[in-house]
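The values are calculated or read from the model by the stated rules, or taken from the named source; none is laboratory data. Quick caveat, the model's predicted, so the values are computed rather than measured. So basically every Cβ, Gly included, is an ideal-geometry build from the backbone, and we count neighbours across all protein chains shown. Protein only, heavy atoms only, side chains kept; ligands, DNA and RNA dropped before computing areas. Shrake-Rupley method; radii C 1.70, N 1.55, O 1.52, S 1.80 Å.
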Amino acid sequence: MAELTRDEEFTAFVASRAVWLRRVAYLLCADWHRADDLVQEAVTKLYLHWGRVSRADNRDGYARTVLVNVFLAEQRTAWWRRSRPAAQPPERAVPEAADLAVSLDLQQALAALPPRQRATVVLRYYCDLTVEQTAAALGCSNGNVKSQSSRALEALRRSTALQQQGRSEA
């Protein structure tokens, strides 16, 4: 069987991971259109460095790290700080069978977290990475991941509790 060319190998990798990358991007930014933009930029960076990526032991981890770095870099730009949309409930992204009210509360609470905390929560609890893997992906210490996780989870608890309380009073 003939070996795949560089472009064929890259295309096969992206085709097999596109949905997953888009879901991770959505959890980071809470907007499907922006998630598509983040994935596109991450895929472009992966293509430019495909020689290095293809030799990596964990291509998924490499792709995830690039995606998170693209998201965090966007948050630091002056353009983003000026044009940031007002806080609003995110688009629906859950199956109909799920408890929509709770899912939307959690998505809204996640979207309200600062970018680093949001990235930490997504990597730790959605991507199921260890503290060490998350620290490596974010380029920070294990202690930083632990403190960001703790603060983020506390903020999520407070936010969802307030939303549920408001719904029960209504």
* Count - residues of the stretch 20-38 that are under 16 Å from residue 61 (Cα atoms) and open to solvent by 20 Å² or more (accessible area, probe 1.4 Å) -> 3
* If you check residue 164 against the conditions, is it in a helix (DSSP H, G or I) and either buried (at least 16 other Cβ atoms within 10 Å of the Cβ) or at pLDDT 90 or above (or both)? -> no
* Structure fact -> Note on the stretch 102-142: residues of a type in the set (Asp, Glu), open to solvent by 20 Å² or more (accessible area, probe 1.4 Å) and either under 19 Å from residue 22 (Cα atoms) or at pLDDT below 90 (or both) are 128
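Yes or no: the stretch 60-67 includes at least one residue that is in contact (Cβ under 8 Å) with a residue 60 or more places away in the chain, within 15 Å of residue 18 (Cα to Cα), touching a helix residue (DSSP H, G or I) at 6+ places or on another chain (Cβ under 6 Å) and of a type outside the set (D, E, K, R). Reasoning before the result, please.
Taking the stretch 60-67 first, the residues in contact (Cβ under 8 Å) with a residue 60 or more places away in the chain are 61, 64-65.
Keeping just the survivors that are within 15 Å of residue 18 (Cα to Cα) gives 61, 64-65.
After this cut, where a residue has to be touching a helix residue (DSSP H, G or I) at 6+ places or on another chain (Cβ under 6 Å) as well, the list is 65.
With the extra rule that they be of a type outside the set (D, E, K, R), the set shrinks to 65.
Checked the stretch 60-67: at least one residue is in contact (Cβ under 8 Å) with a residue 60 or more places away in the chain, within 15 Å of residue 18 (Cα to Cα), touching a helix residue (DSSP H, G or I) at 6+ places or on another chain (Cβ under 6 Å) and of a type outside the set (D, E, K, R).
Name the residues in the stretch 1-31 that are among the acidic types (Asp, Glu) and free of Cβ contacts under 8 Å to residues at least 40 places away in the same chain, would you?
Taking the stretch 1-31 as the starting set, the residues that turn out to be among the acidic types (Asp, Glu) are 3, 7-9, 31.
Correct list: 3, 7, 8.
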